[in-house]
1. When residues of the range 197-218 are filtered for being among the charged types (D, E, K, R) and more than 25 Å from residue 117 (Cβ to Cβ), how many remain?
2. When only residues in the range 65-93 that are surrounded by fewer than 22 Cβ atoms within 10 Å (Cβ to Cβ) and small (Gly, Ala, Ser) count, which is modelled with the highest pLDDT?
3. Are any residues in the range 300-315 at pLDDT 95 or above and exposed (fewer than 15 other Cβ atoms within 10 Å of the Cβ), and if so, which ones?
4. Restricting to the range 316-332, and then to whatever is aliphatic (A, V, I, L, M) and either surrounded by fewer than 18 Cβ atoms within 10 Å (Cβ to Cβ) or farther than 20 Å from residue 293 by Cα (or both), can you tell me which residue is modelled with the highest pLDDT?
5. I'd like to verify a number: residues in the range 190-220 that are touching a residue at least 12 places away in the same chain (Cβ under 8 Å), exposed (fewer than 13 other Cβ atoms within 10 Å of the Cβ) and over 19 Å from residue 77 (Cα atoms), how many?
6. Could you say whether any residue in the range 74-94 is touching a strand residue (DSSP E or B) at 6+ places or on another chain (Cβ under 6 Å), assigned to a loop (DSSP other than H, G, I, E, B) and not hydrophobic (A, V, I, L, M, F, W, C)?
7. In this structure, does residue 42 turn out to be at pLDDT 90 or above, within 19 Å of residue 125 (Cα to Cα) and surrounded by fewer than 21 Cβ atoms within 10 Å (Cβ to Cβ)?
8. Please go through (1) in contact with a strand residue (DSSP E or B) (Cβ under 9 Å, 6 or more places away or on another chain); (2) modelled with pLDDT of 95 or more; (3) among the hydrophobic types (A, V, I, L, M, F, W, C) for residue 177 and return the number of the only condition it doesn't satisfy.
Amino acid sequence: MSSFDYRPDQLIDELINFNQNFSKGMKNLLDAEEISAGVTPRVEVYSEDKLKLYRYQGSAGVVQSKTPVLIVYALVNRPYMADIQEDRSTIKGLLDAGQDVYLIDWGYPDRADRFLTLDDYINGYIDRCVDVICERHDLDNINILGICQGGVFSLCYSTLHQHRVKNLITMVTPVDCKTPDNMLSHWVQQLDVDLLVDTLGNLPGEMLNWTFLNLKPFQLMGQKYLSMVDIIRDEKNVKNFMRMEKWIFDSPDQAGEAFRQFIKDFFQANKLVEGGLKIGKFDVDLSTLKIPVLNIFAEQDHLVPPDASRALEGLIGSKDYTELSFPGGHIGIYVSSTAQKTIPPVIGEWLDERR
């Protein structure tokens, strides 16, 4: 009998099982409570425009490092992916590793933010957040952890303001944006970003989200929902599934001018590699970056291929460079059980060795 030959009674059993799972799953979905956006206790210590700076509260009895770490997340998604649930939280893992953790929440840009530039974000917002943290702790510099696009921002900031950054960690950060396996980069090479921004102003978050989903259309828009029937019959799995769905579709709009510059300078001109990058009036030359750097990337990352991140080693001037390769994907590096056991402890140990 071939794999496609089924007896009528087998097909009936399959249909009954599917309907039972679907009915149970629908009840779990209807009974699900509101899904939180971030789980670790935190306090707001600074705000400016849409931005909020949070400090996270660690567990009692854990001795925190004297040098805080500031997490700089991407603009294109919400930062609670790093704190999505109690047993899948990079932030909690860092706190348990003895780190004093701050995070920039960029908020939701609107038409008032249409003309914000990368200079405003990097030499403006990030710099003022660093000032706030340094003043609170009476320090001259802090540690920075940049994630994805936030890693690009952190690289630029650290290069221009080295006296303010003690150690830099980059996570799934695109450095060489023209590696052969970078599908997203191939898509945007011929994009008329000037026409796009001049027409729309801010770029709608839904448009970017649709682009990301189409990088893996079958897996992210088809297979996931077909497999959902087997997942949602369990209440815990329902909450996990809904947390991920909430984050995926919680996509802020992008400030038009900042988006224009990011696509043209980093993706189309690849200026971190080729040179010629300017943020405001300042030249960004990675060869002048001398501080310790820990570069973390994911081996199955479909958004930021490993080679796009590995390129950093040959571009910076630091003699203290460390790589950590994670056997997973762009999202798994935050939420998988393997990542929770490895990534935050390694970051904590690496920072402790460079106090």
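1. Narrowing the range 197-218 to residues among the charged types (D, E, K, R): 198, 206, 216.
Adding the requirement that they be more than 25 Å from residue 117 (Cβ to Cβ) leaves 216.
Count: 1.
2. 74
3. 307, 313, 314
4. First pass over the range 316-332, keeping only residues aliphatic (A, V, I, L, M): 316, 324, 331.
Those left that are additionally either surrounded by fewer than 18 Cβ atoms within 10 Å (Cβ to Cβ) or farther than 20 Å from residue 293 by Cα (or both): 324, 331.
Numbers: 324: 97, 331: 86.
Step by step, filter the range 316-332, then rank; the result is 324.
5. Count: 1.
6. No: the range 74-94 contains no residue that is touching a strand residue (DSSP E or B) at 6+ places or on another chain (Cβ under 6 Å), assigned to a loop (DSSP other than H, G, I, E, B) and not hydrophobic (A, V, I, L, M, F, W, C).
7. On the way: at pLDDT 90 or above: yes; within 19 Å of residue 125 (Cα to Cα): no; surrounded by fewer than 21 Cβ atoms within 10 Å (Cβ to Cβ): yes.
Considered against the rule, which asks whether it is at pLDDT 90 or above, within 19 Å of residue 125 (Cα to Cα) and surrounded by fewer than 21 Cβ atoms within 10 Å (Cβ to Cβ), residue 42 comes out as no.
8. Here residue 177 meets the rest and fails (1).
The values are calculated or read from the model by the stated rules, or taken from the named source; none is laboratory data. From a predicted model like this one, the values you see are computed outputs, not experimental measurements. With ideal geometry, Cβ positions are generated from the backbone for all residues, glycine too; neighbour counts draw on all protein chains shown.
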